[in-house]
Amino acid sequence: MLASTLRRFAALAVACFVLQLTTTVASPTPFDGLDAQARDVLADLTPRSLDERGLVARATPAAPHFVVYGDKYAPGTTGPPDASAIKGFNVFLLSFLLTEGAWDKAYEWTTLTADQRAAVKSQYAAAGIKLMVSVFGSTDVPTSVGNDPVATANTIAAWVKQWGLDGVDVDYEDFNAMDAGTAENWLISFTTQLRAQLPAGNFIITHAPVAPWFTPNKWPGGGYLKVHQQVGSLIDWYNIQFYNQGTSEYTTCAGLLTTSSSTWPNSALFQIVASGVPASKLVIGKPANSGDANNGYIAPATLAGCISQAKSQGWSE
C-alpha cells in the first residue's frame, strides 16, 4: 500500500482485478475517478448487474468482487460516498484504522450520527455493497513496535462491532518484521483471534499482502505461504499488491500471471496458485493510472488482455 493519503479502487473477479487511484473526486462526479479505459475494463469484468446476479444479504458477497478503498478527504462527503457514486463496486473499505485509532475515512465514519450511519448502511445494503474498514496500512508496524496480536485483534474487532461494519481488510505492511521472520506468527495469532471475534458468516476478513511475500523459500518465517497454510481458511480473500515492487515487476501479462522475475520468483498469479493458494482467494492489484503508484502500471487495454488470458487459463468469474 502507499502512504495513508492513498485511495485505492479495486475491481475483484474471483481471482480479482484491482484498480488503484489517488485522485480525489468530489460528488457528483463518480467517486472512483476512473478514466475511460479503466472504466471500460471494469465494465467488461462485470458480467451482470448486482440485481441481475441475485445477490442476497450475506457476510461474504459472491464473486465477482468489486472493491473500493477510500481514505482521502472528498469535499462535500463525510464518511463513505453515496452508493450511486460507486456504482459497479460491491465492497467499500474505510481507510485506515491504525493501532493508535481511526484516521481519515475510518475516523469520518465515527463522526456521523447513529441515524446517519444507519442510513448509509441501509443504502449500501440495498445496492449490494458491503462496508468494511482497512487496518494498519503503510504507516503502522504493529509487530516491530511490539503490539500484542491477540489484544490488537480484540481492539479492532470491538471497533468493527461498535461502528456496525461488515468486516476488516488487513493491510499489513510491517516489512522489517517480514524480513526478520517475525511477521508470520504475529499475523497467524492476530488472524486467529480476529476470526474468533468476527465469526465467518457474519463478518468478512480479507488480507492485502504484497505479491513478493508469496515467494517460496525467500522469507525466514515462511512469508504469506505460511500464513495461508495456518489461517488461510479464516481469510475470505487476498487483495494482492502487484505494484510498487520494482520498475519491471509484474508489468507484462506473463510477469503478472505466469512467470515473475528472478527478483521475486514464483509470485505471479498462477505461480501463487501452484504454491497452494486457491485462485478463488486471489486478487490482482494494479494502479489504474500511471501516476497512482511508483511502478507496476499496466495500461487498461493491455491489462484487459491479461485478464482475458487469465480467464482462459482457468481464472473464471
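By the rule of a C-alpha distance below 28 Å, with chain neighbours fewer than 8 residues away ignored, the lysines paired with residue 72 are 87, 105, 121, 130, 161, 281, 286.
Working from label points 7 Å from Cα in the Cα-to-Cβ sense, the residue 59 to residue 162 distance is 2.1 nm. Across the range 162-284, Cα-Cα distances exceeding 18 Å account for 50% of all pairs. Computing FRET efficiency as 1/(1 + (r/R0)^6) for residue 180 and residue 233, where r is the C-beta to C-beta distance and R0 is 25 Å, gives about 0.45.
Paramagnetic label reach from residue 138 (point 7 Å along Cα→Cβ; backbone nitrogen cut-off under 20 Å): within the range 68-91, residues 68-74.
Spacing of the modelled spin labels on residue 311 and residue 112, each 7 Å from Cα toward Cβ, amounts to 3.3 nm.
None of the figures in this text is laboratory data; all of them are computed from the coordinates on show. None of the values given here were measured: they were computed from a predicted structure. Neighbour counts are summed over all protein chains in view; Cβ atoms, including those assigned to glycine, are modelled from backbone coordinates with ideal geometry.
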